[in-house]
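One structure is given below, encoded as structure tokens.
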Amino acid sequence: MNRARWLVTAVPLAWLGVFFLLPFLVVVAMSLAPPAPPGHSPLPAPGELLRSWAANGLDWRHYGALFSDSLYASAYLNSLLFAGVSTLACLVLGYPLAYGIARAKPAARAVLLLLVVLPFWTSSLLRNYALIGILKGNGLLNQVLLATGIVDRPAEILHTDLAVYIGIVYGYLPFMVLPLAATLMRLDFTLLEAAADLGARPFDAFWRVTWPLSRPGVIAGSLLVFVPAVGEFVVPDLLGGPRALTIGRVIWTEFFSNRDWARAAAVAVGVLVLVALPLLWFERRGERGDAAT
Amino acid sequence: MKRDGYAIGLRAAMAVGYAFLYVPLVCVVVYSFNASRLVTVWGGFSTKWYGALFANGPILEAARRSFAIAAMAATGAVLIGTLAALALSRKPPPRGQGALSLLVAAPLVMPEVILGLSALLLFVGMQQAVGWPAGRGMATIAIAHVTFCSCYATVVVRARLAQLDPALGEAAMDLGARPLAVFFRITLPLIAPALVAGWLLSFTLSLDDLVVASFTSGPGSSTLPMLIYSKVKLGVTPEMNALATIVIGVVAVFVAIAAWMLRQREPVAHDSVARNVRPGAGSK
């Protein structure tokens, strides 16, 4: 019996240890490995690696490149910028949606929620494909803009940064709306009536009652959008132009096109230290805060 | 008067939001029946792109492969995720609980490109060190998928476990049930809906994954997303409209069934939907 209890923790711990934690040690080792001699596997054997490190020390040249080549710094900044602006746009677009859902009658509410979730369950690649059809030079958006006289020749939207923002917001809007709606549904709307009775204008009531009470939902939704958006590969690759470089695209290119495994590993370690670990710390702090209340 | 203005504004904002979500999907469905190859010109009604899709051997084979991987990954992820959720909600905390909670949370914030790269380096290193796995293919993709999907499954199952009344298990123990019997006869039936939700979520995440699969696949084991990606990279192809329409149709049917089932058990329903769907967050 004791053994069965122990297995409940040990099995998932072992699986994640071998297939999630161990790979990171390999990535770190790879990023510090000396160049492989021609004809050898790009991934050195552990013994060989230790001997080389003992003889020549760690090989920091890939980390040097991260600092000396501005390509990497701009990729990190681009990723944060794309994710940050898209998160704000999701909030602006998603808040009214979530608010409307929370104030709807229960039957309508369930349907409205499912309509928000439905696109998420379809393929993200195919949804990006659908966006390409709309955003391209002779696509639906340009036809509407031309017909209404807003532009007099097709605007260039696909393969610009604007297309990346549209793509990320389109893909992640449900992640903003769901936690927001869940928070707003628990909100006691008689508080707003009380505020109105006491003379608050609707905007004041919103700003001083609804908004502060919905903050947990805002934070949860923003994290759910921002975190995956930072590492996003598909949207900038399919909708963005060649200069819409993000960390996801840089690692992909270093690995698949340049076949430079060690450089890809060094970029990955950089992402880990600069982005993933702070986010993990922030999320866990939030979780502990939830548990405390 | 003023209040009506706000109500109309809210409705308009909601209409914009839903239009944004659905106009691209509607366009794809409409153009999948377009006889013309040009997406901008309406050449009359036709189902020929569906014919072309079902005559496309590589696509069908990749679809079969992706479904098989997704089924394996979802099953493995629910097994591991359920164990992890049980370990994490146990009181007093068992040894290793802290490490496990960190390991379960970390993949959720990790960019998928890094998950893919690190899994590949591990498989290559293992092959060089112990000779397994010999080459890469469906098995390595499935293992990598189990790893990140299990973290999502954990979140879903854990949310359900947190709602359970601990008195139920204690009552069973007082009546003489052994811990294993309590698990199989009390806990498991009660968390079964979460297991189904976790399985479906993992299945969808696996079926949708391009990045991790691209890193961990080998020659001749392209998945459906890998095939779609290379086709979309080359330009807009009408068969993709047909494929997207089929996917949208299948998902719509499932969502309609889910909506109908939720109607059957009202009051708890929306709240648990919101809670169960919420963790569907991280990777994509």
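Any read-out appearing in this document is the output of simple, stated calculations on the displayed coordinates, not a laboratory observation. Remember, predicted model here, so these are calculated numbers, not experimental data. Cβ sites come from the backbone with ideal geometry, for glycine too, and all protein chains shown count toward neighbours.
So here's what we get for this one:
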item	result
Cβ-based exposure ranking for A:W6, A:W261, in which fewest neighbours within 10 Å come first	A:W6, A:W261
Aspartates and glutamates whose Cα lies under 14 Å from that of B:K233, excluding same-chain neighbours fewer than 8 positions away	A:D237
Descending semi-axes in Å of the protein assembly as shown, equivalent ellipsoid built from Cα gyration tensor	37, 34, 25
0 to 90° range, to nearest 10: angle between helix A:215-230 axis and chain A longest Cα axis	40 degrees
Convex hull per residue volume in Å³, alpha carbons only, for chain B	206 Å³
Length-normalised contact order for chain B - Cα pairs under 8 Å, 6+ apart - percent	29 percent
Rg and Dmax [Cα atoms of chain A; Å; Rg one decimal, Dmax integer]	24.3, 80
Relative contact order computed over chain A (Cα-Cα under 8 Å; 6+ residues apart), in percent	26 percent
Estimated vicinal HN-Hα couplings, Hz - the stretch A:202-211 in sequence order (Karplus 6.51, -1.76, 1.60; Gly, Pro = x)	x, 5, 4, 4, 5, 5, 9, 10, 5, 4
Label point at A:A36 placed 7 Å out along Cα→Cβ; residues across the stretch A:232-263 whose backbone nitrogen lies under 19 Å	A:251-263
Summed residue charge, Cβ within 15 Å of A:A130's Cβ, Lys/Arg positive, Asp/Glu negative	+1
Unit charges at the beta carbon, dipole of the protein assembly as shown: most positive-side option, B:L243, A:G137, A:T9	A:T9
Inter-probe distance in nm under a simple model that places probes 7 Å from Cα toward Cβ, at A:W281 and A:T190	4.4 nm
Global size of the stretch A:1-59 as Cα Rg and Dmax, reported in angstrom	17.0, 54
Ellipticity estimate at 222 nm from DSSP helix runs (n ≥ 4, -39,500 (n - 2.57)) divided over chain A, nearest 500	-22000 deg cm²/dmol
Using θ = phi - 60° and Karplus 6.51 cos²θ - 1.76 cosθ + 1.60, couplings along the stretch A:74-91 (whole Hz; Gly, Pro as x)	5, 5, 4, 5, 4, 4, 5, 5, 4, 5, x, 5, 5, 5, 4, 5, 4, 5
Given charges at Cβ of Lys, Arg, Asp, Glu: the protein assembly as shown dipole, positive-most of B:C27, A:S41, B:M173	B:M173
Rel. contact order, % - alpha carbon contacts under 8 angstrom, at least six apart, the stretch A:1-103	17 percent
Cβ-defined net charge surrounding B:R90, 13 Å radius [Lys, Arg +1; Asp, Glu -1]	+4
For the stretch A:9-50 and the stretch A:175-245, distance of Cα centres in Å	40 Å
Kyte-Doolittle mean at least -1.0 and Cα axial length at least 27 Å: DSSP H helices in chain B	B:2-31, B:57-88, B:138-163, B:188-208, B:238-264
Gyration tensor verdict on the stretch B:1-68 (Cα atoms; rounded if a/c is under 1.5, prolate if a/b is larger than b/c, oblate otherwise)	oblate
